[in-house]
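Following: one structure in structure tokens, then a few remarks.
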Amino acid sequence: MRLKNYSLKEKILIGRKIEKICRSNKVKFIVNDDPWLAKKLNADGCHLGQKDMNIYEARKITGNKIIGITCHNSVRLAKIAIKSKANYLAFGAFYSSKTKKVKFHATTKILKKVKKLTKIPIVAIGGINSSNYKNLLLNKANFLAISGYIWNNKKYKPEKAIKLLK
């Protein structure tokens, strides 16, 4: 759940609905940036950016829940996340995105390099759509974070956009 411009009250209301949907569909519920909110919503975990709380503090709050770490396009950040026992590593942006301003550009080379260092799952982020997602999977990404293509697609409604990814 990534809700940057919402109040805490709105995040809780929306998060409770998302949590129910995730449970009924047996899908993990990950909250972006906020371990406290993840705990309050009984989420499966949280995702931390480089400017968010550090993983050790987040673990004190969330316990043994999933914690993913943004590594941008950096092997150095990946090594730190691996050492700190992150549950997954996120890299990107791989392509241009309208969801957020792209500050770091990642290539498939980073996926291959990091796969040689760890078995921790890797998530690819940024500008992923039906015409480029397969390239990331073929180059060792375990998961894809796809937002704008599904929710802000001018051509397809979310269900159709998702079906085009199969």
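Only one of the numbered conditions (1) among the hydroxyl-bearing types (Ser, Thr, Tyr); (2) farther than 19 Å from Ile80 by Cα; (3) exposed (fewer than 12 other Cβ atoms within 10 Å of the Cβ) is not met by Tyr6, and that is (3).
Out of curiosity, is Asn5 of a type in the set (S, T, N, Q), in a loop (DSSP other than H, G, I, E, B) and at pLDDT 95 or above? The answer is no for Asn5. Taking each residue of the stretch 128-155 that is farther than 16 Å from Gly68 by Cβ and looking for partners that are of a type in the set (D, E, K, R) and modelled with pLDDT of 90 or more with beta-carbon atoms closer than 8 Å, six or more apart or interchain, yields Asn139/Lys112; Lys140/Lys112; Lys140/Lys115. Residue check: Ile69 meets all listed conditions (1) touching a helix residue (DSSP H, G or I) at 6+ places or on another chain (Cβ under 6 Å); (2) assigned to a loop (DSSP other than H, G, I, E, B) but one, namely (2). Within the set Ala124, Ala161, the sole residue that is surrounded by 16 or more Cβ atoms within 10 Å (Cβ to Cβ) and farther than 19 Å from Ile30 by Cβ turns out to be Ala161. Looking at the structure I just gave you, is Phe29 under 13 Å from the mean Cα position of the chain (by Cα), of a type in the set (Phe, Trp, Tyr) and within 25 Å of Glu10 (Cα to Cα)? Considered against the rule, which asks whether it is under 13 Å from the mean Cα position of the chain (by Cα), of a type in the set (Phe, Trp, Tyr) and within 25 Å of Glu10 (Cα to Cα), Phe29 comes out as yes.
Being basic (Lys, Arg), at pLDDT 95 or above and not in a helix (DSSP H, G or I) is the filter; apply it to the stretch 72-121 and report the residue that is surrounded by the most Cβ atoms within 10 Å (Cβ to Cβ). The qualifying residue surrounded by the most Cβ atoms within 10 Å (Cβ to Cβ) is Lys85. The residues of the stretch 75-99 that are in contact (Cβ under 8 Å) with a residue 12 or more places away in the chain and either farther than 21 Å from Lys134 by Cα or among the β-branched types (Val, Ile, Thr) (or both), listed by number, are Val75, Leu77, Ala78, Lys79, Ala81, Ile82, Ser84, Lys85, Ala86, Asn87, Thr99.
The values are calculated or read from the model by the stated rules, or taken from the named source; none is laboratory data. Treat the numbers as computed from the prediction; the structure is a model and nothing was measured. With ideal geometry, Cβ positions are generated from the backbone for all residues, glycine too; neighbour counts draw on all protein chains shown.
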